[in-house]
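Please read the structure below before turning to the comments.
The values are calculated or read from the model by the stated rules, or taken from the named source; none is laboratory data. Worth saying up front: this structure is predicted, and the values here are computed from it rather than measured. Cβ: placed from backbone, ideal geometry, glycine included. Neighbour counts: every protein chain shown. The accessibility values were calculated without ligands, DNA or RNA, using every heavy atom of the protein model including side chains. Shrake-Rupley method; radii C 1.70, N 1.55, O 1.52, S 1.80 Å.
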Amino acid sequence: MAMAEAAAEPAAIADETLLQIEGLRTHFRKDGAVVRSVDGVDLRIPRGRTLAVVGESGSGKSVTSLSIMRLIPEPAGRIVGGRMLYRDRTGRLLDLARLPVSEMRRIRGGEISMIFQEPMTSLNPVFTVGDQIAEAVALHAGKDRAEARRVAVEMLRLVEIPAAERRVDEYPHQMSGGMRQRVMIALALSCRPSLLIADEPTTALDVTIQAQILDLMRRLQREIGMSMLFVTHNLGVVAEIAHEVAVMYAGRVVEQAGVEAIFAHPRHPYTEGLIACIPRLRRHAPGQQRDREPGGRRHRLVAIPGSIPSPAALPPGCAFAPRCSRAVDACRLEIPDLVEVAPGHRSRCLRWRDL
Amino acid sequence: MTAVHPAGIPDELPEGPAARPRWAVAARHLWRNKLLLLAVIVLLAVVALAALAPLVAEYGPNAMRISRRLQAPSAAHFFGTDEFGRDIFSRVIHGGRISLAAGGLTVLVACAGGVLLGVLSGYFAALDGILVKVVDSMMAFPDILLAIALVAVLGPTLSNVVVALGIVYMPRVARVVRASTLVLRELPFVEAARALGVPTHRILRRHILRNLASPITVQGTFIFAYAILAEAGLSFLGVGVSSETPTWGTIINAGQQYARQAPWIMLFPGLAIVLSVFSLQIIGDALRDALDPKLQKEV
């Protein structure tokens, strides 16, 4: 009796957790075959913190973020399983995977916002940026035109756009890529969301602009006290912005931990490989003689051998096993569980003790 | 090498041609292209003459003076007279009011229907299959035959001619609108709007429709030209507006009996059609070039 009740009841989530994703599965149908882009993702997004989701192209990180927003293009794609437990502003616990569309529309932009990779095309070319911010404000906060415009100027100031009163009446094509990404951030934050999903927001930008945008996002995250889900393939960016990191591989989370723990003690060979792939500029200490030192040779760039398996044809066991130097027979038999290897540190590897 | 750009945000924007509003680019285009300018002047002249017909014409379009029947063009009758002694100039400019109005209304009907079909078909994948087949099967009929059939069913009045031609040209608009919608639908700003919780009807109105203005304008201009031709064709064949109403088509139709003795009866309404259609085609081509974002940078 007690068991049955426990199974039927929506599991409560801890107070410090804003969004808890359990066993999310999002599949796509392509030419009759089922593509398991996201196949059992578990994530916890803590309140007021930044979780970075890292992975290669095709690991399912973008599909995960689109699933949270319920923006998976149907009928080709569909959320086929799992729960996304979200606590809204009024304290209600909602399962985003099953929320009716009308409810979901209130969540989108109002409670959960998203910014995209392409700042050049993420704004509508025929409206001024002020118009577009005002639209979002009017939609969720029900403010009139003058008030919405005032909020738009205020938002542009918040994202450090100079001469905001003038810029508010400009069209997107009059702005640079970095500026547009600032406008996108302003747009996403205009209704003070609890969660901001940023899908590779700096990838399309110049490196100097990237750093500015990251600084801005970090500052805004702190000031507004929102949670952030930061999707990226760049571990350098992760170190800059994240409090926690989830590493995704072939549609699953293979490791989640605090940012220091991930970099200092990775407990999954894939994470370890990703960290080894970061190109390093070795600085030699002044006294060292560069040429004589055996370890002072130039390092080759490290790469993980092979490539990510197609989500249409996943191997039976651990998806990383074919590329893993530590794989044993047991790895190829069944998918390892995501186990807690240290407080707040979970890994999906049978051999995590050996790392 | 130049110094590295400071990490701050540039306060001033380059005031390049890219920053110029679209209408200014279009206006520049117009001035540079003298043929286009001529076309605009001719079209405006035709429209002005038609609009001011009762003021400009010395004689009524249906005023008969048998004593002056079949007169060649002269100072008294610029375009000559027909077998009843009616002034062809007056009939052509009065007829222009109906021919141009029919063309314009056809554009409205075709665009209203075509945009609806095209946007629905382009945005909602579930409707696309059916709507594309409907549109394609409509396009399988030759324009004028379909128009004749529709007028035959509906009855030969001006409004029915407009409805028939509107239906005939609807698929052209629908195709262009569908193609553009398919592109727009996938653009990140539409997804971004969805991510902001903008309801679908608002996305269609604000984000899709507003971005369709250019292709619709271009198609509308061409359809205006086709519709003027088609209306004249229908009237000439005797299935259009009833023959008492002067339109460019009905004047030509009535004049064919006297084609040898009084060729001016057919010549002048024919010229009016040619000038209007040519002008509209040239304007349509120019609009397409001017509103094409790829070409803007060259200006």
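Helix-only mean residue ellipticity at 222 nm, chain A, DSSP H runs n ≥ 4 weighted -39,500 (n - 2.57), per residue, nearest 500. What is it?
Mean residue ellipticity at 222 nm (helix-derived): -8500 deg cm²/dmol.
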* How big is the gap, in Å, between the Cα center of region B:244-288 and the Cα center of region B:62-135? -> 10
* Asked: In chain B, which longest range has no trypsin sites (Lys or Arg not before Pro) that are both DSSP loop (not H, G, I, E or B) and surrounded by at most 12 other Cβ atoms within 10 Å?
  -> B:1-259
* When chain B is treated as a GNM, springs tying every alpha-carbon pair under 10 Å, which of B:W264, B:W248, B:W23 comes out with the largest mean-square fluctuation? -> B:W23
* Structure fact -> Using alpha carbon centers only, region B:154-232 is separated from region A:105-124 by a whole-angstrom value of 27
* Ignoring everything but the protein chains, give the 1.4 Å probe accessible area of B:T245 in square angstrom, nearest 10. => 40
* Span-like helices, chain B: DSSP H, alpha-carbon axial extent 18 Å or more, mean Kyte-Doolittle -0.5 or greater, which ones? -> B:34-51, B:88-123, B:125-140, B:158-185, B:213-236, B:264-291
* Excluding residues fewer than 8 places away in the same chain, name every one of the aspartates and glutamates whose C-alpha is closer than 16 Å to that of A:K143. => A:D131, A:E135, A:E154
* DSSP beta bridges in the protein assembly as shown [antiparallel fraction, %, rounded to 5] -> 65
* Tell me, what is the percent relative contact order of region A:121-192, built from C-alpha pairs under 8 Å that lie six or more residues apart? -> 43
* Spin-label pair A:R29/B:T217, simplified geometry with 7 Å Cα→Cβ offset, distance in nm -> 4.2
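From largest accessible area down, sort A:M104, B:M170, B:M64; use a 1.4 Å probe on the protein chains.
Greatest to least solvent exposure: B:M64, B:M170, A:M104.
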* Identify which of A:G91, A:G258, A:G109 has the largest mean-square fluctuation in a Gaussian network model of chain A, with springs joining Cα atoms closer than 10 Å. => A:G91
* If you count, for every residue in B:184-191, the Cβ atoms of partner chains within 10 Å of its Cβ, what is the mean? -> 6
* When the helices in chain B are scored as -39500 (n - 2.57) per DSSP H run of 4 or longer and the sum is shared across all residues, what 222 nm value do you end up with, to the nearest 500 deg cm²/dmol? -> -22000 deg cm²/dmol
* **With all protein chains modelled, accessible area of A:H173 [1.4 Å, Å²]** => 90
* Who wins for biggest fluctuation among B:V239, B:V168, B:V56 in a Gaussian network model of chain B, springs between alpha carbons below 10 Å? -> B:V56
